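The values are calculated or read from the model by the stated rules, or taken from the named source; none is laboratory data. This is a predicted model, so every value here is computed, not measured. Neighbour counts run over all protein chains shown; Cβ positions are idealised from the backbone, glycine included.
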């Protein structure tokens, strides 16, 4: 038994101790919550006008892990044009590395009437990045979709794009 400094838990079995050394490789970031890595959630409250440079630096740190991941975010219709342009340019300039490790961007748009315009806006922002983009209705659907995207390699995704007919997006 291992003694603990907490009064309610006097001792802990060695089997109950969690090895967090692998988790320490995932960077703690202001905009990206990687606590459920490889599912990485973009914190909407941390996204303010002018955030694109910081976003790019955080994305670079995620790519440096050299482990596949998926980004999940709520749609932000109020993103500035400058931020959209800078993020799009960053995505295009990092296309090869993104294709290796970023299995997709999942954008949450709960309003069914806004989903088509959200899909178009996100498609425009991620165009040329080589990363799959999906617009869904909820975090629950995003959580179900993320493992599906993660299990496919970048080459599987590229093959499906070149051979499949266009498909409808998930709700």
Of the residues that make up the stretch 2-21, is at least one surrounded by 12 or more Cβ atoms within 10 Å (Cβ to Cβ), part of a helix (DSSP H, G or I) and modelled with pLDDT under 95? no
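Might you check whether a residue that is exposed (fewer than 13 other Cβ atoms within 10 Å of the Cβ), at pLDDT below 95 and in a helix (DSSP H, G or I) occurs anywhere in the stretch 47-55? If you could, list the steps in order and put the result at the bottom.
Pass one, the stretch 47-55, residues exposed (fewer than 13 other Cβ atoms within 10 Å of the Cβ): 48-50, 53.
Next cut, at pLDDT below 95 only: 48-50, 53.
With in a helix (DSSP H, G or I) added as a condition, the list becomes 53.
Within the stretch 47-55, one or more residues are exposed (fewer than 13 other Cβ atoms within 10 Å of the Cβ), at pLDDT below 95 and in a helix (DSSP H, G or I).
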Can you find a residue in the stretch 104-125 that is surrounded by 14 or more Cβ atoms within 10 Å (Cβ to Cβ), in a helix (DSSP H, G or I), at pLDDT below 95 and touching a helix residue (DSSP H, G or I) at 6+ places or on another chain (Cβ under 6 Å)? yes
Pairs, please: C-beta under 6 Å, at least 6 apart or cross-chain, first residue without any contact (Cβ under 8 Å) to a residue 12 or more places away in the chain and in the stretch 115-143, second part of a loop (DSSP other than H, G, I, E, B)? none
Among the numbered conditions (1) closer than 23 Å to residue 66 by Cα; (2) modelled with pLDDT of 95 or more; (3) surrounded by fewer than 16 Cβ atoms within 10 Å (Cβ to Cβ), tell me where residue 138 comes up short. (1)
Quick test of your reading of the structure: residue 89 fulfils all but one of (1) in contact with a helix residue (DSSP H, G or I) (Cβ under 8 Å, 6 or more places away or on another chain); (2) in a helix (DSSP H, G or I); (3) loosely packed, with under 15 Cβ neighbours inside 10 Å. Name the failing condition by number. (1)
Enumeration of residues in the stretch 56-78 that are part of a helix (DSSP H, G or I) and either touching a helix residue (DSSP H, G or I) at 6+ places or on another chain (Cβ under 7 Å) or within 23 Å of residue 119 (Cβ to Cβ) (or both): 56, 59, 63
